[in-house]
Amino acid sequence: MILIKNGRVIDPKTRLDEVTDIVIENDKIVTIGKQDENAEYEQVIDASGCIVAPGLIDVHVHFRDPGFTYKEDIQTGSLAAAAGGFTTVVCMANTKPVIDNVDTLRELLERAKTLPIKMLQASAVSKGLKGEELVDFQAMKDAGAIGFTDDGIPMMNVSKLKQAMELAKECNMPISLHEEDPSFIDAPGVNKGEISAKLGYGGASHLAEDVMVARDVMIALETGASVDIQHISSGYSVDLVRFARERGADVVAEASPHHFSLNEEAVLKHGTLARMNPPLRTEWDRQKIIEGLKDDTITIIATDHAPHSAEEKAKSLGQAPSGIIGLETSLALGVTNLVKAGHLTMMQLLEKMTFNPAKLYHLEQGSIEAGKPADLVIFNADEQFTVDKFYSKSSNSPFVGENLYGKIKYTICDGKVVFEN
Ligand code: DOR
């Protein structure tokens, strides 16, 4: 048995926020409440001054396995997750081969069984992410996929998309969408506006996202499918998601830490380390995302952890791949830029990183309750650290050198300490 004592236990599901103790036996939480100090435990963790929360859940990561393991693999990705306080992640399907068939999926999930954290896998929506021939939804579900997404690539064939939403609904699983219409992208990864003009770079207009979000929330409303708008970046898109949710659409949106922390000016400072799809946009858009997080239009924070090698990111802005890593800075960016900045309470931040993502995927984890899996993170919200090293195989982050609040002390998954600092 493990005793975690004197921590401020925050559980967004039960709304518990109290300094107390937690007892873990094997892989489960058994008791929440003050304990006898003198009882015998295998390990006692003193969490005084720290927050004890459900293990974080990230519904949007790229572990690049199989096919691009020079950037990341499921082992290094899991270490990065554990170091960031995550005990459950959902991997995207844009690997090589693409996760669009039962054999590739089964092989990957078999390997994932030995990882220190829970790695779940989304299936592609379409064969080869080409947006035309749909995968066998039921077969992918039966083989262990937990949702569907062509992340990285927009679904341009609207009738196929509607059909995909209907199939996902039949499977009672969410479909997650990358919303960028290439018609409005002159060059990807940088917002089309003042900064792109200054750089003489084509840029990607917010219209690319807005037209697709407008289209897809209406199809979601019509079909009743559970739809996840991934890495929302445009202020107008936040308004569109709010419009759809108010009308009863089963639509959620993810905000990534970079979209609530940075605006397009970061491209001037960080170059390719601030190139991502969809891009960082204007300060107005960033404030709209924060407003959406505050009023619960945006219920999920997800990293889009997108590792790329140093060689790849050393290329020119036009040639380098889009994306940044995020698992090891996500909680701290939320603590620093949302909680310390006065936008969200700690309860609200943690809800968007635990219970809400669990709800989307119908997961039993994501809360602190007796009988539930002992997946926990223990962190000090008032302790600062400098971002300087990563467990990820890649280090493509614009946050290197930043001083952030929210140092992770322990990550516990299924009752085992998988990270300690
Ligand atoms: O910037 C991005 N990179 N956005 C995505 O949606 C995909 C990701 C990647 O796979 O590198």
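The values are calculated or read from the model by the stated rules, or taken from the named source; none is laboratory data. Remember, predicted model here, so these are calculated numbers, not experimental data. Positions of Cβ are backbone-derived with ideal geometry, glycine not excepted, and every protein chain shown enters the neighbour counts. We work out accessible area using only protein heavy atoms, side chains counted, and drop any ligands, DNA or RNA first. Shrake-Rupley method; radii C 1.70, N 1.55, O 1.52, S 1.80 Å.
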Expected sort for 43-50, 174-181 on mean C-beta neighbours within 10 Å, highest first, is 174-181, 43-50
With all protein chains modelled, accessible area of residue 186 [1.4 Å, Å²]: 100
Gaussian network model of the chain, Cα springs within a sub-10 Å range: biggest mean-square fluctuation belongs to which of 78, 367, 196? 196
Straight distance only, please: which lysines reach the Cα of residue 372 with their own Cα at less than 20 Å, same-chain residues fewer than 8 apart left out? 5, 13, 28, 34, 113, 118, 352, 359, 416
Using Stokes-Einstein with the Kirkwood hydrodynamic radius over Cα pairs, what translational diffusion coefficient do you get for the range 265-327 at 4 °C and a viscosity of 1.567 mPa s, in µm²/s rounded to a whole number? 100
How high is the relative contact order of the chain? Use alpha-carbon pairs under 8 Å, at least six apart in sequence, and give a whole percent. 20
Helix axis angle, 102-112 relative to the chain longest principal axis, alpha carbon, degrees: 30
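How do 405, 391 rank by accessible surface area computed with a 1.4 Å probe, from largest to smallest?
391, 405
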Determine the gain in length on full extension of the stretch residue 316-residue 269; use 0.36 nm per residue of separation and subtract their C-alpha separation, reporting nm with one decimal. 15.5 nm
To the nearest 10 degrees, how steep is helix 235-246 against the longest Cα principal axis of the chain, on a 0 to 90 scale? 70
Quick calc, residue 42 & residue 197: beta-carbon distance into FRET formula, R0 35 Å, rounding 0.05, result 0.05
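I need the calculated FRET efficiency for the pair residue 28 and residue 417, taking r as the beta carbon distance and R₀ as 25 Å, to the nearest 0.05.
Efficiency computed from Cβ-Cβ geometry: 0.95.
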Taking residue 127 as the anchor, which lysines have their alpha carbon closer than 17 Å to its alpha carbon, excluding any fewer than eight residues away along the same chain? 96, 141, 160, 162
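Using only Cα atoms, figure out Rg for the chain and give it as a multiple of 2.2 N^0.38 Å.
Details: Rg = 20.5 Å, N = 421, 2.2 N^0.38 = 21.9 Å.
Against the compact-globule rule of thumb, the ratio is 0.94.
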Could you tell me what fraction of 2.2 N^0.38 Å the Cα radius of gyration of the range 340-381 comes to, as a two-decimal ratio? 1.28
When the chain is treated as a GNM, springs tying every alpha-carbon pair under 10 Å, which of 265, 254, 246 comes out with the largest mean-square fluctuation? 246
Taking a probe of 1.4 Å, how large is the accessible area per residue of the range 87-126, in Å²? 35
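Please compute one quarter of the surface area of the Cα convex hull for the range 319-421 and express it in square nanometres.
Values: hull surface 32.8 nm².
The Cα convex hull of the range 319-421, projected and averaged over all directions, gives 8.2 nm².
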Distance cut-off 12 Å, percentage of C-alpha pairs in the range 296-346 lying past it: 70
Nearest 10 degrees, 0 to 90: helix 74-83 Cα axis against the chain principal axis: 60
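Of 207, 108, which has the most accessible area with a 1.4 Å probe, and how do the rest follow in descending order? The partial results should precede the final answer.
Working: 207 70, 108 0 Å².
My answer, sorted largest first, is 207, 108.
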